[in-house]
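So the structure is just underneath, and the comments pick up after that.
The values are calculated or read from the model by the stated rules, or taken from the named source; none is laboratory data. Small disclaimer: the values here were computed from a predicted structure and weren't measured. Because the Cβ atoms are built from the backbone with ideal geometry, glycine has one as well, and the counts that use them run over all protein chains shown.
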Amino acid sequence: MKIAKDKVVSIEYTLRDDAGTIIDTSEGREPLAYLHGNGNLIPGLEAQLEGHGVDETLKVAVAPADGYGEFDASQVIDVPRSQFTGVPDLAVGMQFTASGPEGQRIVTITKVGLETVTVDGNHPLAGQTLNFDVKIVGIREASADELSHGHVHGAGGHHH
Ligand code: ZN
């Protein structure tokens, strides 16, 4: 069986940035299971897994546009520190959910000043090339429930 739309695929993976630093890995966890062709993974990774089979290992480099987007400087804004009244120990790296014109998103504090706090609405991996080492460890047909939900149930997927 080869990876194609609506197959359930299990992968082991390690994700590194261009400097070789590990950003995420499935090592020490169960493999990640996803429903191929349903937007479960970033598009650039899914596209390069298509057509491959079990036990294959791949090196996949995903450009920012096919990953978490280009870095958008207009998403970095200063807000008055008074908006964070009630948040103890404001610190760089803290994340909040913010509501904006495109719905809710995660913003990260990148600078804490006396009067203002700088928040960055970019995805933490925006602007980065994503370097994946992937091993395909399983491919199976999806169940009718999985197809209607658009994601995998059970091992490595959703439990509900
Ligand atoms: Zn479900």
**Fill in**
Given the conditions (1) of a type in the set (Gly, Ala, Ser); (2) farther than 26 Å from residue 8 by Cβ; (3) surrounded by 14 or more Cβ atoms within 10 Å (Cβ to Cβ), every one holds for residue 37 apart from (2)
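Given the criterion away from the ligand (no atom under 16 Å from the Cβ) and either modelled with pLDDT of 95 or more or of a type in the set (A, V, I, L, M, F, W, C) (or both), identify the matching residue among 131, 122.
On the way: 122 fails: either modelled with pLDDT of 95 or more or of a type in the set (A, V, I, L, M, F, W, C) (or both).
The conditions single out 131.
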**Item:** The one condition in (1) crowded, with 17+ Cβ neighbours inside 10 Å; (2) in contact (Cβ under 8 Å) with a residue 60 or more places away in the chain; (3) more than 16 Å from residue 137 (Cβ to Cβ) that residue 45 fails to fulfil
**Value:** (3)
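Which strands (runs of 3 or more DSSP E) sit wholly inside region 43-144 and have at least 2 residues that are basic (Lys, Arg) and outside the structural domain of residue 17 (by TED's automatic domain parsing)? Show your work before the answer.
Numbers: elements: 57-62, 76-80, 95-100, 103-112, 116-120, 130-141.
Those strands (runs of 3 or more DSSP E) span 103-112.
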**Request:** Exactly one condition in (1) closer than 30 Å to residue 53 by Cα; (2) loosely packed, with under 14 Cβ neighbours inside 10 Å is not met by residue 82; state its number.
**Result:** (1)
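Looking at 134, 119, 152, 54, which one is over 30 Å from residue 9 (Cβ atoms) and hydrophobic (A, V, I, L, M, F, W, C)?
119
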**Item:** Residues located in region 134-160, provided they are away from the ligand (no atom under 11 Å from the Cβ), at pLDDT below 95 and surrounded by fewer than 17 Cβ atoms within 10 Å (Cβ to Cβ)
**Value:** 155
**Request:** For residue 109, state whether it is surrounded by 15 or more Cβ atoms within 10 Å (Cβ to Cβ), more than 16 Å from the ligand (Cβ to nearest atom), of a type outside the set (Ser, Thr, Tyr) and without any contact (Cβ under 8 Å) to a residue 60 or more places away in the chain.
**Result:** yes
**Message:** Quick check on region 90-107. Is at least one of its residues in contact with a strand residue (DSSP E or B) (Cβ under 6 Å, 6 or more places away or on another chain) and hydroxyl-bearing (Ser, Thr, Tyr)?
**Reply:** yes
